[in-house]
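First up is the structure itself, then whatever we jot down about it.
The values are calculated or read from the model by the stated rules, or taken from the named source; none is laboratory data. A quick note: this is a predicted structure, and the numbers were derived from the prediction, not measured. Ideal geometry is used to build each Cβ from the backbone, glycine not excepted, and the neighbour counts take in all protein chains shown.
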Amino acid sequence: MFPGEQFKIDSENISSGVSDQPMSDKETLQGAINRVNKAFQSVADADYWVGIEGGIEYENGEMAAFAWVVIKSKKLTGKAKSGTFFLPNKVAQKILEGKEMGLANDIIFNQKNSKQNLGAIGILTQNVVNRAQLYEHAVMLALVVFKNEELYDPNYCSA
């Protein structure tokens with residue numbers, strides 16, 4: 001998104017302030033917003049802060065998985081949602097029983113720490129798409145406001 005620019009990335013483990021397994025689009029977005037706001041408050045000397053939260057939505061007997069990415073500067077906030085994919089019924093059942101998706105995947109697919117490795121998408125696509133790749137497009141889309149600051153300036157309104 002920013003060719004020629006160099007970024008130094010510092011990672012912080014910041015609580016989302018939502019349940020360990022967000023169960024709706026709204027709760028997942030709130031988790032990403034909470035993470036970016038807490039990062040903004042705790043690391044003052046950055047140019048950008050990023051919050052990422054993965055979650056699920058269960059509707060009509062199907063469970064979809066996705067993530068929200070929120071990126072903040074001192075002036076603007078960008079938001080985007082990753083692609084969505086549907087979980088197998090066996091995984092969905094474990095989640096409905098109260099297990100977090102990473103643990104449900106570990107149980108169903110005989111994995112260890114899949115949440116931090118391939119993630120559900122990596123397991124299900126046999127690593128054609130992994131967890132990082134799933135989030136990558138959402139990060140790029142959340143950066144759209146920063147590539148077009150003049151169009152997203154919060155002080156400008158044509159109404």
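A few notes on this one:
- Test: Leu134 is touching a residue at least 24 places away in the same chain (Cβ under 8 Å), more than 14 Å from Met23 (Cα to Cα), part of a helix (DSSP H, G or I) and not hydroxyl-bearing (Ser, Thr, Tyr): yes
- Taken over region 47-65, the criterion of being surrounded by fewer than 19 Cβ atoms within 10 Å (Cβ to Cβ) and touching a residue at least 12 places away in the same chain (Cβ under 8 Å) is satisfied by Asp47, Tyr48, Glu57, Tyr58, Glu62, Ala64.
- Count of residues meeting criterion [at pLDDT below 90 and either within 16 Å of Trp68 (Cβ to Cβ) or of a type in the set (S, T, N, Q) (or both)] in region 132-159: 2
- Residues in region 16-38 that are crowded, with 18+ Cβ neighbours inside 10 Å and part of a helix (DSSP H, G or I): Glu27, Thr28, Leu29, Gln30, Gly31, Ala32, Ile33, Asn34, Arg35, Val36.
- Odd one out for Asp20, checked against (1) at pLDDT 95 or above; (2) among the charged types (D, E, K, R); (3) closer than 29 Å to Leu124 by Cβ: (1)
- Counted residues, region 75-129 - those being aromatic (Phe, Trp, Tyr) and part of a helix (DSSP H, G or I): 1
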